[in-house]
Amino acid sequence: MKKLWGGRFQKTPEKWVDEFGASISFDQQLVEEDITGSLAHLAMLKKTGIISGEEELQIKSGLERLLEKAKNNELQFSTDYEDIHLNLEKLLIDEIGPLGGKLHTARSRNDQVATDMHLYLKKNTEMVIGLIGEFQHELIKKAEQHVETILPGYTHLQRAQPISFAHHLMAYFWMLERDKERFSDSMKRINKSPLGCGALAGTTFPIDREYTAQLLGFDSIYENSLDGVSDRDFILEFLSNSSLLMMHLSRFAEEIIFWCSQEFKFIELDDTYATGSSMMPQKKNPDMAELIRGKTGRVYGNLTGLLTIMKGLPLAYNKDLQEDKEGMFDTVTTVVGSLKIFAGMIESMKVNENIMKTATMQDFSNATELADYLAKKGMPFREAHEVVGKLVYTCIEENKYLLDLSLNSFREASHLFEEDVFEILDPYAAVKKRMSAGGTGFKKVEEAIEKAKSIMSTVKE
Ligand code: ARG
């Protein structure tokens, strides 16, 4: 099979060698971006007089027919033509004849593929930002229903202090907000056009790069042609931002998984987001949350993979760069799926408020209240800590909780204790009083939800 670049060759590789080098099996995902890039390049060739108006019209109608067929999944690709760029060039020539070969004037596959990737990530980063927003909306909705639902807050996975369930959910809201900011910020760098950098050195044709950038909706152009064709930072940033996002989802997934275990029973997942066991009839497994936790690994892998591909590459284009695509596609699929699943899982889950509340009574997470009580009455906090620690020890010995102690026992520990000690031991009251900025006091949580809502309604540039 004669290659489109076959002029200086006497022999062609064997089929299996061709297959090893080909990317068409996966880069066909870029078909629409590739044609969009070509249409802009074509308009520029006409504007600058590099091709005639008549030529432009014919090539354009050929490209538009190909785009139509691409949308209907009617294009036949072949490894004989290696990648999406050469496949489309061949299909264009089949469609309109040798004139199709003029489209590649003043262009290389190197600036072409980089342009495709920028267009692809622009579209998909916007989609990811939108899906993060939808998930945040679900969190807000759930949080609004559970401002006064209390559960133990943990450190070291040991019950620490009671908190509002809404406060816990909103912690994830703010993580996601930072994720969204990072993706939005990366758009500045995605929004640069490499088109017109040529193979590496620019071109002798009088091209207009600003014009193609503008047609493609990019804000600016790469300043340096070598950088333009070999930069993959924007993909790395996407993978890195996705890794952080997945890390957040994975932490949340971990909590969902143990919250719905028999040991916790804080929540129950809806049947539509759980699965059964083929052997044990009683099982209801949180597979989706587990998969999100597991898939986080592949996203980290994609990031590490591309960082490793890039680290030794001399300027400018090297075929190694063809390896940038599969991890990127895979990451988009993984992130999009995980965000959608998570939003549905949170929306449909049942919250066992009573079990959460009971858990706050059956522990010592009100011990800090007691120490604060003594400290507020003038005892140095370190001493108060010691007094309460001893009371906790006594309770453990006697198989009791702090609320079970009599006023006498409290007064034996410190004469500062009075009747009102029982009020402050109530976990609900303990949560309510945590009114410091960013704290879990119900009023503060309500304010935080309002703030989150107003952030969400502000349209970002
Ligand atoms: N399929 C190639 C890639 O994905 C396109 C660029 C090829 N350029 C070249 N000179 N071989 O990177």
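Scanning the stretch 281-303 for residues that are farther than 17 Å from Ile257 by Cβ and out of contact with any helix residue (DSSP H, G or I) (no Cβ under 9 Å at 6 or more places or on another chain) yields a total of 2.
Within the stretch 273-306, the residues that satisfy the criterion of being of a type in the set (Val, Ile, Thr) and either crowded, with 20+ Cβ neighbours inside 10 Å or more than 20 Å from Lys325 (Cβ to Cβ) (or both) are Thr275, Ile292, Thr296, Val299.
Here Asp34 meets each of (1) under 11 Å from Ile84 (Cβ atoms); (2) surrounded by fewer than 17 Cβ atoms within 10 Å (Cβ to Cβ) with one exception, condition (2). Among the conditions (1) aliphatic (A, V, I, L, M); (2) buried (at least 20 other Cβ atoms within 10 Å of the Cβ); (3) assigned to a helix (DSSP H, G or I), Leu151 misses just one, which is (3). Among the residues of the stretch 231-259, those identified as under 13 Å from Lys192 (Cα atoms) and in a helix (DSSP H, G or I) are Asp233, Phe234, Ile235. Show the residue pairs that are 6+ apart or on different chains and have beta-carbon atoms under 6 Å apart, the first residue being within the stretch 71-87 and outside any helix (DSSP H, G or I), the second being more than 14 Å from the ligand (Cβ to nearest atom). Listed pairs, sorted by first residue: Leu75/Lys69. Filtered by the rule that a residue be near the ligand (Cβ under 9 Å from one of its atoms) and of a type in the set (A, V, I, L, M), the stretch 99-115 gives Val113, Ala114. When Pro314 is tested against (1) assigned to a loop (DSSP other than H, G, I, E, B); (2) more than 16 Å from the ligand (Cβ to nearest atom), only condition (2) is not met.
Every residue, every condition in (1) small (Gly, Ala, Ser); (2) within 16 Å of the ligand (Cβ to nearest atom); (3) within 33 Å of the chain's Cα centre (by Cα), yes or no:
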position	(1), (2), (3)
Asp34	no, yes, yes
Met44	no, no, no
Glu54	no, no, no
Ser61	yes, no, no
Lys69	no, no, yes
Asn72	no, no, yes
Leu75	no, no, yes
Gly97	yes, no, no
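So is Glu89 more than 16 Å from the ligand (Cβ to nearest atom), more than 30 Å from the chain's Cα centre (by Cα) and not polar (S, T, N, Q) or not? In short, no.
The numbers here are math on the coordinates, done by the rules we state, and not lab data. Every value quoted in this text rests on a predicted model; they were computed, and no experiment measured them. Using ideal geometry, Cβ is built from the backbone for each residue, glycine included, and neighbour counts are taken over all protein chains shown.
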